[in-house]
Structures are given as C-alpha cells and as structure tokens.
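Engineer: Got a structure here, written out as structure tokens. Questions coming.
All of the numbers you see were taken from the coordinates with simple rules; none came from a lab. Keep in mind the model is a prediction, meaning the values are calculated, not measured. Every residue, glycine as well, gets a Cβ built from its backbone with ideal geometry; the counts of neighbours run over all protein chains shown.
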Ligand code: UDX
C-alpha cells in the first residue's frame, strides 16, 4: 500500500513509523519544514525535540529511505496513493467545541491535489485525529465539492497513550474502522492486515459516526473513572478515620470487572486528550439536548483535584503559604514525558502563586524546559517567581514545603532526601501518593498530607488514618 500520513505530531509520526515498519510505503507529510528536516536527519536528539516517544527514533532510523519517506510537498507524493491518514491538530475552543481551522486548511489542500492527480485509483481519506461526530461526512462533502473522483472517507480513531505509544501502535487493543462503502473497508483491512495477524487485536468495522463516538466515549469514561476514585474513594480516605485508601483500591479492584488503571488517586488527570475530549462531548451532547450533568461533574472533580491540596494545607494544617518557598516536583502531566498540556502542575502552581508564595523551586526529570515555556512571565508576571532546578534535592533544599504533582518513579525514594534536607514539621503535599514509607517521616515529625488520606502531623501520629 502507498500511504500518506498528513501531520507529523505525536499521533501521525508514530502511526507513520509503525505502518512503514510493517512494510507499507509511507510518506509522512507536514508543512513544517524544520520538523520534516529533523525527522529526515534520523538524528534521535532532533526527533525527540518534536515527538519524544521511546523507541520511535529507532524505527525511523531503521526504515527511513526504505519504507518511510518525508515530504513537505503534496504535489510530489499524491500520485498512486491508496490511503491518506489525517493526523492534524484539533485544539479546543473556549466553549468546548473543536477548532477545525488546521484540519480544514489541510483538507482543502489535499482535496485540491487529489482532484489534480492523473492516477484515478481508489483512495480513502481517513480521520485519525480526534474529531467531532459527523466530521467524516464533512470530509466527504469537502472532497465532493472539490470534485475529487473515486475517493472514500473513513474514521479510524487513535487510542495511544503517551510514553507507550510505539508498543501500543504495534499491538493495539483494538482497531476501529468506520466507513460507508465496502471498498473502503477492504482498503483499510489491507493496511491493518499485518497488525492483526500476529496479535489479539479486536478489529471492529462500523459506521463513521460510531467510530468517532467510540473515541469520545472511551476517553470520557476513563476520565470519569479516575474522577470516581478522586471524588469518592479519595474523599472517604480523607474524611473518615481508619480508611486506608491503598487497601480500599486493592480490595475494590480485586474484582475482575473493575480496572486497576485509573484507580490511583491523584491531584487530577491531565494530558492532551481527557480534558479536551470531555469538553467536546459535553458540547456535542448539549447540541442534541442531552443532559450532561454526569460529564460536567466528572470534569469538575478533575479540575478541583488539581488545586485542592493547597486549600487542605491551609484548612487542615493551618499552613500559611504567604512568603513561603515551595518545592514543586513533577511538572509534566505524567511520568516519562515532557508534555505540559493540561498538566496538574499548572493549576497547582497558579494557586500557590495566588496564595502569595515568595518563590517556587520546580523540578521535573524531563520537563523543565517545556515548563519554562509554559510558565512564560509574559502570560503572568508571577511566573518570574519560579526557579527551575536540576534535582529533587535541590528543589527541596531551603524550601518551606513540598508539593509532589506527578508520578515520576524517582520520587518514590524521596523520604531519605527529605530527611537530609528539610527540618520537621516540614509539610509534604503528595498529589500522587509517591512516598510509600511516609509513616517513617511522620514518626520523625514531618507533616504528610496526601490525596486519599487525612493530614498526618508528626506530633499527633501514629494511630490510624492513612
Ligand atoms: C490518554 C488515554 O489513555 C489514551 O487512550 C488516549 O488516546 C489519549 O489520552 P495519555 O493522555 O497519554 O492517554 O495519558 P494516560 O496515561 O491515560 O494518563 C492520563 C492522566 O491520568 C495522567 O495525568 C495520569 O497521571 C492520570 N492518571 C492515570 C491518574 O490520575 N490515575 C490513574 O490511575 C491513571
């Protein structure tokens, strides 16, 4: 098959690389020349500046020039194409609707080139990025308006999680294909035949609208599940003595029907998908007069989680943030990434600054540079109070309290660093329950306030609670 992948962000580049690894001829197209130049160089350091996924640069090095090619010019690559995957940015508007500006611009361009091709073989244009329900039919109308001959459309949503995108793309749980015509189903079966032969992948063919809806329902369900644990499970542990949240989680998820994933209570879920997709589904459902209270609650619980530990420190521990120096560990939205999109740390840091802290000493093993861009003082002058340091130890040194905002593995060993660098009753706000031996710290007089537990103040412990 000859495949064009239009858009070389995280979804497009991973898809292009893995499709070419499976033997298809793939041309990854993007109008950003710098990006295409970096990918074509095969230089891992340059590739990860744009898309940092374990294993991705290795595949690109291996297949580039054999099955995988890069281009910034549609006219050069359009002839003889069987499938075009659209992997374009679809950012949210303020009202939750989806901004299709980039998508539409690229689509018009592709339609124009498809109209002008000489080879009139069947081509199917596929939505891979998350787009509102009904976008495949919009895609078809743009192709028709441009008088593109012998072209079909499909919806084939992407479900990859960051950090594990390459192995998941090689062995996906499911491949969802929504088409209106049999010949287009057959083309996509040929694309995916090599993936599904070797693994237990569910291959589901349906209507384009159902395929589009599957992505939204999956992501909002995952976020709602996390919000259930944060809004109910964690609160039980925080309000009722002797509830041990970790045991609660183990007991509940021992039921095979209840997922372990998502049961880890946290200071909110972030990333490029969950917040955007739930806001979009709320918007889409409201337009067809469906009550969206349940999704709104799930969204609100998640947003509240990002800041409420600061308020708990004030209310439950009497801590005053004014003029204090706070160490913040974990800036990206989760471990093993430098992605700051919708990271909980953003709201937490804004709340800390709003409470008058004098400085923030911030550290993330991968995301310091990305955070520097996110917390640009031109957006909020208070961001000048953030200093970026190169270790957890140096963030904690000289600080008055610690806020752990993501689940980087290295934070699990923090108790020794805390003992070495901070004097009790130093306050530890743990948004991810990252300190397994917190009881030792509490016995030594430190104050431990975590998602899912009552505040544990050194002098008053230890009997029960966490
Ligand atoms: C998610 C979906 O998993 C993926 O299928 C979809 O295509 C894109 O969105 P991703 O954004 O990479 O993937 O992150 P994921 O690993 O799902 O985590 C999302 C957020 O939830 C993170 O902030 C994570 O730390 C948080 N989380 C996850 C919890 O708070 N508790 C958990 O138990 C699991």
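Engineer: Measure nothing fancy, just the Cα-based angle from helix 10-21's long axis to the longest principal axis of the chain, in degrees from 0 to 90, nearest 10.
Structural biologist: Compared with the principal axis, the helix lies near 50 degrees.
Engineer: At q = 0.25 Å⁻¹, what base-10 log of I(q)/I(0) does the Debye formula yield for the stretch 145-229 when every alpha carbon is treated as an equal point scatterer in vacuo?
Structural biologist: Taken in order of the listed q values, log10 I(q)/I(0) reads -1.26.
Engineer: Still on this structure: Expressed in nm², what is the orientationally averaged projection area of the convex hull enclosing the Cα positions of the stretch 216-303? Write out the running numbers ahead of the final one.
Structural biologist: Values: hull surface 24.5 nm².
If you wrap the Cα atoms of the stretch 216-303 in a convex hull and average its projections, you get 6.1 nm².
Engineer: Roughly speaking, what is the centre-to-centre gap between the stretch 346-422 and the stretch 12-32 when only Cα atoms are used, to the nearest Å?
Structural biologist: Value for the Cα centre distance between the two parts: 37 Å.
Engineer: No solvent, one uniform scatterer per C-alpha: report log10 I(q)/I(0) for the stretch 398-438 via the Debye equation at q = 0.18, 0.25, 0.31 1/Å, two decimals.
Structural biologist: The computed values of log10 I(q)/I(0) come out as -0.45, -0.88, -1.27.
Engineer: To continue, here is another question. Compute the long axis of helix 135-145 from its Cα atoms, compare it with the longest principal axis of the Cα atoms of the chain, and write down the angle in degrees, 0 to 90, nearest 10.
Structural biologist: Here the helix axis deviates by roughly 30 degrees.
Engineer: If we count other beta carbons within 10 Å of each Cβ, what is the order of 287, 115, 312, fewest first? Don't jump to the answer; show the numbers that get you there.
Structural biologist: On the way: 287 10, 115 14, 312 18.
In increasing order of surrounding Cβ atoms, one gets 287, 115, 312.
Engineer: What is the calculated FRET efficiency for residue 285 to residue 236, with r their C-beta to C-beta distance and R₀ = 35 Å, to the nearest 0.05? It would help to have the intermediate numbers written out before the result.
Structural biologist: Details: r = 30 Å, r/R0 = 0.85.
FRET efficiency, residue 285 to residue 236: 0.75.
Engineer: Okay, next question. Tell me, what is the FRET efficiency for residue 443 and residue 62 to the nearest 0.05, using R0 = 60 angstrom and their Cβ-Cβ distance as r?
Structural biologist: Numbers: r = 53 Å, r/R0 = 0.88.
Given R0 = 60 Å and the Cβ-Cβ separation, E is 0.70.
Engineer: Tell me the mean residue ellipticity at 222 nm calculated for the chain from its helices only (DSSP H runs of n ≥ 4, each -39500 (n - 2.57), averaged over every residue, nearest 500).
Structural biologist: Values: 20 runs with 199 residues, N = 466.
When only DSSP H runs of four or more count, the value is -12500 deg cm²/dmol.
Engineer: Work out Dmax and Rg for the stretch 2-206 from the C-alpha atoms and quote the Rg first, both in angstrom.
Structural biologist: Values for the stretch 2-206 (Cα only, Rg and Dmax): 16.0, 45 Å.
Engineer: Need the full-extension length gain, residue 73 to residue 259, defined as separation in residues times 0.36 nm minus the C-alpha distance. One decimal, nm.
Structural biologist: Working: separation 186, 0.36 × 186 = 66.96 nm, distance 4.53 nm.
Full-extension gain reported as 62.4 nm.
Engineer: If you take every DSSP beta bridge fully contained in the chain, what fraction is antiparallel? Give it as a percent rounded to 5.
Structural biologist: 10
Engineer: Something else: Scaled to the compact-protein estimate 2.2 N^0.38 Å, what is the alpha-carbon radius of gyration of the stretch 306-450, rounded to two decimal places? Intermediate results must be reported in sequence, preceding the final value.
Structural biologist: Values: Rg = 13.8 Å, N = 145, 2.2 N^0.38 = 14.6 Å.
That ratio works out to 0.95.
Engineer: Using alpha carbons only, how many angstrom separate the centre of the stretch 213-263 from the centre of the stretch 70-109?
Structural biologist: 37
Engineer: Sort 246, 339 so that the residue with the fewest other Cβ atoms within 10 Å of its own Cβ comes first and the one with the most comes last.
Structural biologist: On the way: 246 15, 339 20.
Listed from fewest to most nearby Cβ atoms, that is 246, 339.
Engineer: Note down the nm distance, to one decimal, between modelled labels 7 Å out along Cα→Cβ at residue 221 and at residue 161.
Structural biologist: According to this spin-label approximation, the distance is 1.5 nm.
Engineer: How much of the DSSP bridge set in the stretch 2-206 is antiparallel, in percent, rounded to the nearest 5? If you can, show how the numbers build up before the last one.
Structural biologist: Details: 3 of 31 bridges.
The antiparallel fraction comes to roughly 10 percent.
Engineer: Per the Kirkwood treatment, what hydrodynamic radius in Å, one decimal, follows for the stretch 302-353 from the mean inverse distance over all distinct Cα pairs?
Structural biologist: Values: mean 1/r = 0.0840 Å⁻¹.
So the Kirkwood estimate lands at 11.9 Å.
Engineer: Okay, next question. On C-alpha positions alone, give me the angle between the axis of helix 308-317 and the longest principal axis of the chain, in degrees, nearest 10.
Structural biologist: In the chain, helix 308-317 runs at an angle near 10 degrees to the longest axis.
Engineer: Still on this structure, please answer the following. When only Cα pairs under 8 Å and 6 or more residues apart are kept, what is the percent relative contact order across the chain?
Structural biologist: On the way: 900 pairs, mean separation 52.7, N = 466.
So the answer I get is 11 percent.
Engineer: For the stretch 2-206, what is the relative contact order in percent, using Cα pairs closer than 8 Å and at least 6 residues apart in sequence?
Structural biologist: Values: 351 pairs, mean separation 41.4, N = 205.
This gives 20 percent for the stretch 2-206.
Engineer: Under a point spin-label approximation (7 Å from Cα along Cα-to-Cβ), what is the residue 122-residue 44 distance to one decimal in nm?
Structural biologist: 4.2
Engineer: If each residue's Cβ is checked for other Cβ atoms within 10 Å, how do 94, 454, 340, 221 rank with the fewest at the top? Walk me through the numbers before you get to the answer.
Structural biologist: Values: 94 7, 454 20, 340 23, 221 13.
With the fewest neighbours first, 94, 454, 340, 221 line up as 94, 221, 454, 340.
Engineer: Can you give the Rg/Rh ratio of the chain, where Rg is from the C-alpha atoms and Rh is the Kirkwood radius?
Structural biologist: Values: Rg = 24.4 Å, Rh = 24.0 Å.
Here Rg/Rh amounts to 1.02.
Engineer: Under 8 Å for C-alpha pairs, at least 6 residues apart: give me the relative contact order for the stretch 216-303, rounded to a whole percent.
Structural biologist: With pairs under 8 Å counted, the relative contact order is 43 percent.
Engineer: Still on this model: What is the spin-label model distance, in nm, from residue 108 to residue 293 if the labels are put 7 Å beyond Cα along the C-beta direction?
Structural biologist: In this crude spin-label approximation the distance works out to 4.4 nm.
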